[in-house]
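In what follows, a structure is listed as structure tokens, so that the remarks can point back to it.
The values are calculated or read from the model by the stated rules, or taken from the named source; none is laboratory data. Note that the structure is predicted; figures quoted are calculated from it, not measured. Cβ coordinates were reconstructed from backbone atoms using ideal geometry, including for glycine residues, and neighbour counts include every protein chain displayed.
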Amino acid sequence: MDSAELYRTVRLIRRFEERAIELVRSGEIVGGIHPYIGQEAIAAGVCGALRRDDIITSTHRGHGHVLAKGADPVRMMAELAGRVTGLNKGRGGSMHAADFSLGIFGANGIVGAGGAIAAGAAWARRAQRTADAETGDVVAVNFFGDGAVSQGVLLEAFNLAGLWKIPVIFVCENNGYATTMPVEAGVAGSITGRAEAFGIPATTVDGQDPECVQAVSEAAVIRARSGGGPSLIECMTYRFDAHHTFEHKARLNYRSEDELAAGRSRDPLDIQGARVPSDARSRIDAEIEELLAEAVRFAVTSPKPDPADALDHLYATGLRVRTGVNN
Amino acid sequence: MDSAELYRTVRLIRRFEERAIELVRSGEIVGGIHPYIGQEAIAAGVCGALRRDDIITSTHRGHGHVLAKGADPVRMMAELAGRVTGLNKGRGGSMHAADFSLGIFGANGIVGAGGAIAAGAAWARRAQRTADAETGDVVAVNFFGDGAVSQGVLLEAFNLAGLWKIPVIFVCENNGYATTMPVEAGVAGSITGRAEAFGIPATTVDGQDPECVQAVSEAAVIRARSGGGPSLIECMTYRFDAHHTFEHKARLNYRSEDELAAGRSRDPLDIQGARVPSDARSRIDAEIEELLAEAVRFAVTSPKPDPADALDHLYATGLRVRTGVNN
Amino acid sequence: MPKLSYLKALNRALGDEMARDDSVVVLGEDIGVGVAGVTTGLLAKYGDQRIVDMPLSEQAFTSFATGAAMAGLRPVIEFQIPSLLFLTFEQIANQAHKFSLMTGGQTKVPVTYVVPGSGSRTGWAGQHSDHPYSLFAHVGVKTVLPATPADAYGLLASAIRDDDPVVFFAPSGALTVRDDLDFASLAPVPIGVGRVAREGTDLTVVALGHLVHTALAVAEELAGEASIEVFDPRTVYPFDWAGLSASVAKTGRLVVIDDSNRSCGIGGEIIATVVEDHRLLAPPKRVTRPDGAVLPFALELDRAVQPTHEQLVAAVQAVLKS
Amino acid sequence: MPKLSYLKALNRALGDEMARDDSVVVLGEDIGVGVAGVTTGLLAKYGDQRIVDMPLSEQAFTSFATGAAMAGLRPVIEFQIPSLLFLTFEQIANQAHKFSLMTGGQTKVPVTYVVPGSGSRTGWAGQHSDHPYSLFAHVGVKTVLPATPADAYGLLASAIRDDDPVVFFAPSGALTVRDDLDFASLAPVPIGVGRVAREGTDLTVVALGHLVHTALAVAEELAGEASIEVFDPRTVYPFDWAGLSASVAKTGRLVVIDDSNRSCGIGGEIIATVVEDHRLLAPPKRVTRPDGAVLPFALELDRAVQPTHEQLVAAVQAVLKS
Ligand SMILES: Cc1ncc(C[n+]2csc(CCOP(=O)(O)OP(=O)(O)O)c2C)c(N)n1
Ligand SMILES: Cc1ncc(C[n+]2csc(CCOP(=O)(O)OP(=O)(O)O)c2C)c(N)n1
Ligand SMILES: [Mg+2]
Ligand SMILES: [Mg+2]
């Protein structure tokens, strides 16, 4: 992706989150969201290095990844608002947004859960590759936070990926906290060391700069596509907003004002914005405003699901099971 | 422990296992065992460095650890034979033998399960230590195999131990295989590297030599007792016998005859035996034969549990729940 | 009398037990700042060796608590999400639960697992909305599910003092319930003893957790039609079969309302056990979640797979009629 | 006709499905050498990219299979111990099971989890002797529990072809059962369809898994006293309620024998569902494991907490009499 495209992605995510927070406040989005604000450079840079057929698995803080991988912001907003027109027909919401047609194997509500899923998907794609394919392996990216590196299943996934040189890239968004737990309090040793222990090369990169992230990601992608195996990228970043919108109403006091100000001072929007001529920037900004206005309009006017369909898709085979009452 | 005592422990475990295998063959021990033969130097050396009030957690291949920590071989044999006189009153058997009065927090049927239990126990002991105690912290040792280092919960336990400098020692018995899987096929990176990634210092030691193992263990124990934190010891060893006695009847062919011969050539019994004057050695051998003869006699003549007591101890409070039939 | 909310009752019980017994320690995520409200104020009072913030290593810290318990402490674990009980099922059902029997009674594992906000949290979707208490009733881990602030206080105190592992579900739908209470009257409530929440003679409704409040409302609404007894088991396992039996012997009619998935939930267990022992006047009925339910995100759908007031009214009326 | 054992039927079904569909891959521990017997001979035939030996990372390889399934493969996982289903409960119940609904039907997770040797293995003690099929019936994962070689073959084939996750329990007590079979007659058996294993008119015994053989023996033994119908559901979830209903409508009497822990087991579910729909001639009975059972090691104790022939005889006779 070129500089303007990267800027566009960062800006889209930022404004998407801001509009979504408004809808949380107005009650149109129920259950709240985990805002991605401040971390946009990572999703933009990583997905900027991916192909359409590549795969991602995401987290509870997943809007940025899903949008950067190409999901339609309009249907994404409708999903957050729980409408049948949403990506998941209103069944998933913020923490489960997915678009399998774009390789988006879903946000995930369980920390650390996406690593093994991504590894398995990449392994399957490699197994399915026809002998004449010359485009290299499909790559899967698993995004996760600093908190996830203490989750057993993710560490087990590192082992599988390391053993079988699976084309998977582990992207750790180190925003300094797992909810209120500082990374130093939760992580013995280092994040990169945890990958290296499984034979997976790891680098740390400035996660506020989309171009840095993209450059490192491109190298990892090339390696993975050509059979070189997995890698881990630790992106140093900062969460500008709440862990979850519930925090807007609760004073948790785990980050000082000074720290917040320092963290927010390196804004990916400014960093990438400075690389784009101001007229192009204004044009992009305007386009995005229009797109998001449409997204919000579409979201709040789309039909809500019919309660009678509550168990649709419970089974892929269409199996119908007993309801909760005697009939 | 001095050389003769170490020899005694190795010999005791070896002969205990051989007698137990006889009882498996004769049907007195139901369900079989995972023989520890070949790995005795590790249990002997590690437990030789421990105090009576120190704690261990063990594995499916646990007889050696339990005996080395001081459990009565007579009541241990009775346990394997499922008698009320056994360590666990016949409720546990080979995979769950325990003696809490000696800090033996049990063998465990689930690979990797003992690490977090040991860490928690050591943490609790430290919390309970009275200010005037001058003996240093109680240490907990968690034994596990090379297969266990791919188990999420053990890796998570490394993190807790590393974070809080818990006086726990992780002892990996690398016998080259997890059942039939070679360690190279199952472990990406290295075993020591997995501990180091969590800030836990790790060493590899000759696991066939009880004195080597004891020396390294003593250093780890001193460190742990004095607040220096956890460590990992990787003991290179070889399993001389079957994964489990079921293998005596099944030809699995995952280890070549050459490999078996090479592996068995470094026998801890010979290595440690060579350090003990032959008359002392004969005396020890004779004592052990007598002790085990008594153990076998006691085991096969002790009463079997009464089926009416099958649910005794299901709840520590003595709660009685419904049986499987309407009354 | 002052008002006490369910959540504050948990906070008070935990504080009181920590004051009473030095061996009580709390392990969990974000419990220092008290994100869930259960531990509010306790870090300042008891320090970070007794209110211990945990990294995201639920499996290890669950077995860590088992080890600490076998070494003499009484750990309380706070889980942020009901499905973390799935993640730690091995550590609870296969380790903590089994040590006593497997060691022939050599040890005990007094750990309490608290889930503040079980069941639907309204908009938290599929992975945050489970209500898996029946799973623990199946494997046989003591399981409590109080409906009121006084019972929340009393059962948390009892769970902590109990020598076995106990899972404590605090349903989202009950956390904000507030009752007038004389604080001096707060006391341990025995595990395994239900209560008649409303007396009646024509039909017994067994209601679990937050649905006790639904059942009371239905009983009131239908008071003109029938005299409905509401039985609140409070403990899911071991169940108070004697208490329920007394109620059913009197009324002869049974309806259960239970926020479990239908198949193999405690609702079915209650019906099965009752019909084995009693000849009812009419076939019993259950109001539950559907079989295998996954809560969809959209509010209308989330609500549609939970048991409702209207469904209970219909079930009660049908059983009264047949 | 040749004899086929249950274990060989599993091996044959797996081989046939691998031959039929390239996307079938098998993941598990020690499956290359075939320690459990299910995969014997398949590594040589299909290579190590389809018979994939796994390190001891059950949680990761379970979700790895989920990822592979969503990418188009049909993984079969072999678990060495029933309680590994506890260890991977999060990955099965909270991930694999939920993807279809949570994504609004965008994806499917066709994974089969096979446990060869579920229930007591005679002397393997507390952590290796569980029979947790009712847990999956509760969370709503399709669960099969065949009793015979033909059904083992047919249900494994169907499980692999099914687009949803399916847990396949092969009870230790059935693995050595051998039947005379025309191999050409082996065919998929539909999930969710039970069978009448023996026709009768006076009482229905529902028996699950290896206990079907116990029930058949009891029916034969009591043939002089009563005509007993034996219903083998074959699938635990989704249960064949229509099939059972037809049997009970005919006999009017019900006994269930089920190797689950009593509370919230499928045995209770069967009784509850039947009494909601039918007026029986006598109160039904269950023969199960006790509540919360942990299998003690000693053989006498291990046997004492499993349902027995004698208990079934007693329950049947009591229900016939009342
Ligand atoms: C296994 C698991 N444990 C706990 C939670 C509750 N939880 C949700 S997000 C979160 C913190 C995650 O921190 P991190 O991985 O650093 O991601 P971030 O929120 O900082 O983006 C926690 C504890 C969860 N969803 N899953
Ligand atoms: C979590 C878990 N997975 C699988 C098993 C089955 N199993 C028992 S022992 C074993 C191999 C263990 O290998 P290792 O840790 O190297 O110990 P060793 O047997 O070599 O002493 C396996 C797979 C188990 N008991 N627990
Ligand atoms: Mg973070
Ligand atoms: Mg090994």
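Can you find a residue in the range A:1-8 that is closer than 30 Å to A:HIS313 by Cα, modelled with pLDDT of 95 or more and not basic (Lys, Arg)? Within the range A:1-8, not a single residue is closer than 30 Å to A:HIS313 by Cα, modelled with pLDDT of 95 or more and not basic (Lys, Arg).
The sole residue among A:PHE144, A:PHE240 that is more than 19 Å from C:GLU58 (Cβ to Cβ), hydrophobic (A, V, I, L, M, F, W, C) and either within 10 Å of ligand 1 (Cβ to nearest atom) or not in a helix (DSSP H, G or I) (or both) is A:PHE240. Considering B:ALA81, B:ALA116, the condition of being of a type in the set (A, V, I, L, M, F, W, C), farther than 26 Å from C:ALA60 by Cα and surrounded by 24 or more Cβ atoms within 10 Å (Cβ to Cβ) is satisfied by B:ALA81 alone.
If you go through the range C:15-40 and pick out every residue that is buried (at least 24 other Cβ atoms within 10 Å of the Cβ) and either among the small types (Gly, Ala, Ser) or free of Cβ contacts under 8 Å to residues at least 24 places away in the same chain (or both), you end up with 1.
Could you tell me whether the range B:75-82 includes any residue that is within 14 Å of chain D (Cβ to nearest Cβ), under 20 Å from B:ALA178 (Cβ atoms) and more than 16 Å from ligand 3 (Cβ to nearest atom)? No - not one qualifying residue is present in the range B:75-82.
Is it fair to say C:ALA157 is surrounded by fewer than 24 Cβ atoms within 10 Å (Cβ to Cβ), outside any loop (DSSP other than H, G, I, E, B) and more than 9 Å from chain D (Cβ to nearest Cβ)?
yes
The strands (runs of 3 or more DSSP E) found entirely in the range C:164-212 that carry 1 or more residues being closer than 26 Å to C:SER245 by Cα and not acidic (Asp, Glu) are C:166-171, C:195-198, C:203-207.
Residues that are aromatic (Phe, Trp, Tyr) and within 10 Å of another protein chain (Cβ to nearest Cβ) were ranked within the range A:228-254; the one that is nearest to ligand 3 (Cβ to nearest atom) is A:TYR254.
On the given criteria, is B:ALA140 within 14 Å of B:ILE56 (Cβ to Cβ), more than 14 Å from chain A (Cβ to nearest Cβ) and touching a strand residue (DSSP E or B) at 6+ places or on another chain (Cβ under 7 Å)? For B:ALA140, the condition - within 14 Å of B:ILE56 (Cβ to Cβ), more than 14 Å from chain A (Cβ to nearest Cβ) and touching a strand residue (DSSP E or B) at 6+ places or on another chain (Cβ under 7 Å) - is met. Residues satisfying the criterion are present in the range B:141-148 (criterion: under 25 Å from D:GLU90 (Cβ atoms) and out of contact with any helix residue (DSSP H, G or I) (no Cβ under 9 Å at 6 or more places or on another chain)). If you check D:VAL26 against the conditions, is it away from ligand 4 (no atom under 16 Å from the Cβ), within 14 Å of chain A (Cβ to nearest Cβ) and among the aliphatic types (A, V, I, L, M)? The answer is yes for D:VAL26.
One line per residue, one yes/no per condition, for (1) buried (at least 24 other Cβ atoms within 10 Å of the Cβ); (2) β-branched (Val, Ile, Thr); (3) within 7 Å of another protein chain (Cβ to nearest Cβ); (4) more than 26 Å from C:GLY123 (Cβ to Cβ):
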{"residue": "C:GLU276", "(1), (2), (3), (4)": "no, no, yes, yes"}
{"residue": "C:LEU281", "(1), (2), (3), (4)": "no, no, no, yes"}
{"residue": "C:ARG289", "(1), (2), (3), (4)": "yes, no, yes, no"}
{"residue": "C:GLY292", "(1), (2), (3), (4)": "yes, no, yes, no"}
{"residue": "C:LEU295", "(1), (2), (3), (4)": "yes, no, no, no"}
{"residue": "C:LEU301", "(1), (2), (3), (4)": "yes, no, yes, no"}
{"residue": "C:ALA304", "(1), (2), (3), (4)": "no, no, yes, no"}
{"residue": "C:HIS309", "(1), (2), (3), (4)": "no, no, no, no"}
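Here D:ARG12, D:ARG50 are screened, and the one residue that is surrounded by 18 or more Cβ atoms within 10 Å (Cβ to Cβ) and over 27 Å from D:HIS97 (Cβ atoms) is D:ARG12.
When the range A:5-27 is filtered for residues that are closer than 20 Å to C:HIS128 by Cβ and not β-branched (Val, Ile, Thr), the ones remaining, listed by number, are A:ALA20, A:LEU23, A:GLY27.
Against the condition in contact (Cβ under 8 Å) with a residue 40 or more places away in the chain, over 26 Å from B:HIS243 (Cα atoms) and of a type in the set (Gly, Ala, Ser), how does D:ALA71 come out, does it pass? Spelling it out, it is not the case that D:ALA71 is in contact (Cβ under 8 Å) with a residue 40 or more places away in the chain, over 26 Å from B:HIS243 (Cα atoms) and of a type in the set (Gly, Ala, Ser). When you scan the range C:208-217, do you find a residue that is of a type outside the set (S, T, N, Q) and within 14 Å of another protein chain (Cβ to nearest Cβ), even just one? Yes, the conditions are met somewhere in the range C:208-217.
Looking only at residues of the range B:291-327 that are farther than 19 Å from B:ASN88 by Cβ, over 23 Å from the mean Cα position of the chain (by Cα) and outside any loop (DSSP other than H, G, I, E, B), we find that the one that is farthest from the other protein chains (Cβ to nearest Cβ) is B:ARG297. Take the conditions (1) under 21 Å from the mean Cα position of the chain (by Cα); (2) modelled with pLDDT under 95; C:GLU17 misses just one of them, which is (2). If you go through the range B:120-155 and keep only what is surrounded by 24 or more Cβ atoms within 10 Å (Cβ to Cβ), more than 10 Å from ligand 2 (Cβ to nearest atom) and touching a residue at least 60 places away in the same chain (Cβ under 8 Å), you end up with B:ALA121, B:ALA122, B:ARG125, B:VAL139, B:ALA140, B:VAL141, B:ASN142. Filter the range D:29-61 for residues that are more than 25 Å from the chain's Cα centre (by Cα) and outside any helix (DSSP H, G or I); which is nearest to ligand 4 (Cβ to nearest atom)? Ranking the candidates gives D:PRO55 first. The single condition among (1) more than 25 Å from A:SER190 (Cα to Cα); (2) away from ligand 4 (no atom under 16 Å from the Cβ); (3) at pLDDT 95 or above; (4) not hydroxyl-bearing (Ser, Thr, Tyr) that B:GLY207 does not satisfy is (2).
Hey, any hits in the range A:156-168 for a residue that's surrounded by fewer than 24 Cβ atoms within 10 Å (Cβ to Cβ) and either within 12 Å of ligand 1 (Cβ to nearest atom) or part of a loop (DSSP other than H, G, I, E, B) (or both)? Yes.
Looking only at the range A:199-213, decide whether some residue is more than 16 Å from ligand 2 (Cβ to nearest atom), within 14 Å of chain B (Cβ to nearest Cβ) and either surrounded by 23 or more Cβ atoms within 10 Å (Cβ to Cβ) or among the hydrophobic types (A, V, I, L, M, F, W, C) (or both). Before the answer, list the steps.
At the first step, the residues of the range A:199-213 found to be more than 16 Å from ligand 2 (Cβ to nearest atom) are A:199-213.
Those still in the list that are within 14 Å of chain B (Cβ to nearest Cβ) too: A:199-202.
Subsequent filtering for residues that are either surrounded by 23 or more Cβ atoms within 10 Å (Cβ to Cβ) or among the hydrophobic types (A, V, I, L, M, F, W, C) (or both) retains A:200, A:202.
Scanning the range A:199-213, I find at least one residue that is more than 16 Å from ligand 2 (Cβ to nearest atom), within 14 Å of chain B (Cβ to nearest Cβ) and either surrounded by 23 or more Cβ atoms within 10 Å (Cβ to Cβ) or among the hydrophobic types (A, V, I, L, M, F, W, C) (or both), so the answer is yes.
Before we move on, is C:LEU175 of a type outside the set (D, E, K, R), under 25 Å from C:VAL24 (Cα atoms) and away from chain B (no Cβ under 14 Å)? Against the criterion (of a type outside the set (D, E, K, R), under 25 Å from C:VAL24 (Cα atoms) and away from chain B (no Cβ under 14 Å)), C:LEU175 qualifies.
Has the range A:193-216 got at least one residue that is within 15 Å of ligand 1 (Cβ to nearest atom), touching a residue at least 40 places away in the same chain (Cβ under 8 Å) and of a type in the set (Asp, Glu)? Scanning the range A:193-216 turns up no residue that is within 15 Å of ligand 1 (Cβ to nearest atom), touching a residue at least 40 places away in the same chain (Cβ under 8 Å) and of a type in the set (Asp, Glu).
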